[in-house]
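Below is one structure, written out as structure tokens; comments come after it.
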Amino acid sequence: MTQTETQAVVTLSLMAAFADGDKHDRERAEVRRIAEALVNTDAVHLPTLVQDVLMKRVDLAGAAAALRSAEARQLGYEMAVCVCDADGVQSVPEQKFLSELRSTLGLDAGLARKFTEDAEAMAAAPMDGLIPRAAGLSAAAPVPTPAAASGGTGTRTPNVDEAELDQTILNAAITNGALELLPETLSTMAIIPLQMRLVYRIGQAYGYELDSTHVKDFLATVGVGLTSQYLEQAGRKLLGGLLGRMGGGLARGLGQQAVSSGMSFVATYALGHVAKRYYAGGRTFTTQMLQEAYAGISSEAQDLRGRYLPQMEQQARTMDVGKVLSMVRGRA
């Protein structure tokens, strides 16, 4: 893609991020932070683009017109869909924005609908199809008791296999690190549902039956935004020339490492271990305690990611979009 097309795709993604006027201020602030943190190029200065979008100095028609190739138009639409779906089911304003975008870009209605359906299925999938008992929970599950905090019912069990749970967290971090190496937009979007699934399983291992709202709140509390995390991951790939590259799979070369920050491995590893401490401790952590624990474990994970990069690369070589969808739906 040309630099002009890259800027247009980023612009449409930011417009999608702010399409829902009801989005939490915390998430909107995270979007601004991500824009300031991402590496900027001569063609794309993200903080300026954020202000242009917020001040309505750019419009959908102008950004769409800059996408000259069919591949760029498709990528622009796919990223906008994933941004809207990153935090769950699309709102009415988001649906209206995406419908107008598809029409303006002149995309094939069938192909656009298929991608949207896959993205929405992925967004809705994290809590579906989970086994009754997570790994490590004793076979004789205790009788549920009222939870220590809102968001689900709680049980207490001393029979959690800590080593097995640690391995589950590491495996999830490696899988998400592998997804970071892939160029497909849906692969990038899959990271969030898999993180949600991991938190759910950890809570369940310690006797808590959680719902999606509680899991999302947990991620937000430790500082992991849903929309902003997708934007950061996809933005790194896009600005590095990886996102949307045709062919799929790591076998096309290892240029991915130039734009891969290892953030998905770090974030997933830290989320898992903070969740483990939180639910093992009866959900008594304050917000500050959770955020401090997340920061500390993230620092540890930064030192680990190089050790596990070969495993991430190996796993990425075996992945395609179909397998990614199956993983998110709990079928792989």
Estimated FRET transfer efficiency (D217, M55; beta-carbon r; R0 41 Å; 0.05): 0.85
Y208 long-range amide H proximity, modeled H, under 5 Å: T155
Segment 65-82 - phi-based ³J(HN,Hα) in whole Hz, Karplus 6.51/-1.76/1.60, Gly and Pro as x: 5, 6, 8, 8, 8, 4, 5, 5, 5, 5, 5, x, 5, 4, 5, 4, 4, 5
Under 24 Å from the Cα of K237 - lysines, other chains or at least 8 residues apart: K114, K323
Karplus-derived 3J(HN,Hα), 6.51/-1.76/1.60, for each residue of segment 201-218, Hz, glycine and proline x: 5, 5, x, 5, 4, 9, x, 10, 9, 9, 10, 4, 5, 4, 5, 4, 5, 4
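Does segment 263-325 come out rounded, prolate or oblate, given a ≥ b ≥ c as the square roots of the eigenvalues of its C-alpha gyration tensor, rounded meaning a/c under 1.5 and, failing that, prolate meaning a/b above b/c?
Working: a/c = 3.39, a/b = 1.91, b/c = 1.78.
Prolate.
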Segment T2-E162, extension gain: residue separation times 0.36 nm, minus the distance between their alpha carbons: 52.6 nm
T286-K323 pseudo-label distance in nm [points 7 Å out on the Cα-to-Cβ vector]: 4.6
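The numbers here are math on the coordinates, done by the rules we state, and not lab data. Quick caveat, the model's predicted, so the values are computed rather than measured. Every residue, glycine as well, gets a Cβ built from its backbone with ideal geometry; the counts of neighbours run over all protein chains shown.
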